[in-house]
Amino acid sequence: MADVRDLAADTLSAPSTARIRPGFEGNNISHALGFKHINYVSEAAVLHHFREAGLPVGRLYKEFGLGFEIVELTSRLIELLDLDDEVTAEVVPATKPGARELTFKVAQFVQRDGKAVKSATSTVKVALRIDDHVPASGPYPEAVRPFAVPRLGSGARLELGVTPRPYGSLSEGRGTVGADPVLDRLIGEDNAFGWRWRVPYFYCHFNERLQMSGFLRVMEEVEDLFLAERGLPIKHVLDTRRWIPVVTRSEIRLLDETLMEEELHTVYTVEDVFKELLYTARMDTYVIRGGELVHTATGRITHGYLHEYEPNRWRMATLDEATVSALSTPKKVNA
């Protein structure tokens, strides 16, 4: 195998194509896969792009102590992803001169009636986090040297201003969604929902950090808890109305590092309900360090509901007055 340090600086600049089968885990409702696994396909496509360029991310870490980190991921759904689809993912590098992060545009295509149809698009931004515990075998490859960083951001600090409540037993399951002084402080008077939860090791990578796929899981989890709190639990709505939430757009940006076994305070704020079809919500995550609240990530998600009007046939549902009211009216469980 060629020495990775001999690779030219432009090895990541050429487009690549990967054929990817989405994970069966994402098949939660009927035959369709959810937004998390659409994002996973884009992540897998960029990982494939690094391998094709001769810079596999495992090798970058083992030889140079550079941890592959997706620091921003924005995706838009165009066509439902089917359980039996094989996705053709086209990756086009889009890094601007002088940037400190690698940027990739990913287009996903599936076959429909014998034709290739674009099913989703993503923008993926990548940094390479330096791990001081892994000694580099030599100079970083020129292709990735500008994107090696000692830390992933420095999120805004907020005065804590309250005394945190002890988390309690490690068997507390899905965490705290009731009265909590830190969540109260973060939510204020907003139309928002709070969740406090201990970050497990299996959402993390490179020994310490919550990774982008973990944040996607946090976003899905807080949405599920929020809907249950607003009287719209997913199974009940599916059983009684044949509705299931669908994500048409998602984005997450890492602002700072979130570490394994820290308590993550997640605030999910409904920003808008429009045209009785879609609603948008913002996710913000915080940890407590040195007596301050550190803002570690932010993201947005656009949701609607699909209605199963015939077995395995879905279309967008119109939100009724009760649903709009539930989404729009704060329920002060943290008061």
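Since every read-out is calculated from the coordinates, none of them should be taken as a lab result. All values reported here derive from a predicted model rather than from experimental measurement. Reconstructed Cβ throughout: ideal geometry from the backbone, glycine too, with neighbour counts over all protein chains shown.
Structural remarks
- J(HN,Hα) series, the stretch 19-36, from Karplus relation 6.51 cos²θ - 1.76 cosθ + 1.60, nearest Hz, glycine and proline x: 10, 10, 8, x, x, 4, 3, x, 7, 9, 10, 6, 9, 9, 10, x, 4, 4
- One Cα centroid belongs to the stretch 45-108, the other to the stretch 120-146; the line between them spans 12 Å.
- Net lengthening on full extension, Lys105/Thr280 (0.36 nm per residue, minus Cα-Cα): 60.7 nm
- Charge dipole (Cα centre; +1 on Lys/Arg Cβ, -1 on Asp/Glu Cβ; no other charges) of the chain amounts to roughly 320 debye.
- Listed residues Cys204, Ser13, Leu255: farthest to the positive end of the dipole of the chain (Cβ charges): Ser13
- Links that overshoot a 27 Å alpha carbon limit, given the list Lys36/Lys125; Lys235/Lys275; Lys125/Lys331; Lys235/Lys331; Lys36/Lys275: Lys125/Lys331
- Between the beta carbons of Ile130 and Thr329, assuming R0 = 56 Å, the FRET efficiency works out to 0.75 to the nearest 0.05.
- Label selected from (i) 1.05; (ii) 0.98; (iii) 0.92, the criterion being Cα Rg over 2.2 N^0.38 Å as computed here: (i)
- DSSP bridge pairs, the stretch 89-184: antiparallel proportion in percent, nearest 5: 90
- Ordering of 55-63, 34-42 by packing is 34-42, 55-63, highest average first (other Cβ atoms within 10 Å, averaged per residue).
- Taking 7 Å steps out from each Cα toward its Cβ at Arg21 and Ala322 produces label points 4.2 nm apart.
- For the chain, the relative contact order works out to 17 percent when only alpha carbon pairs closer than 8 Å and six or more residues apart are counted.
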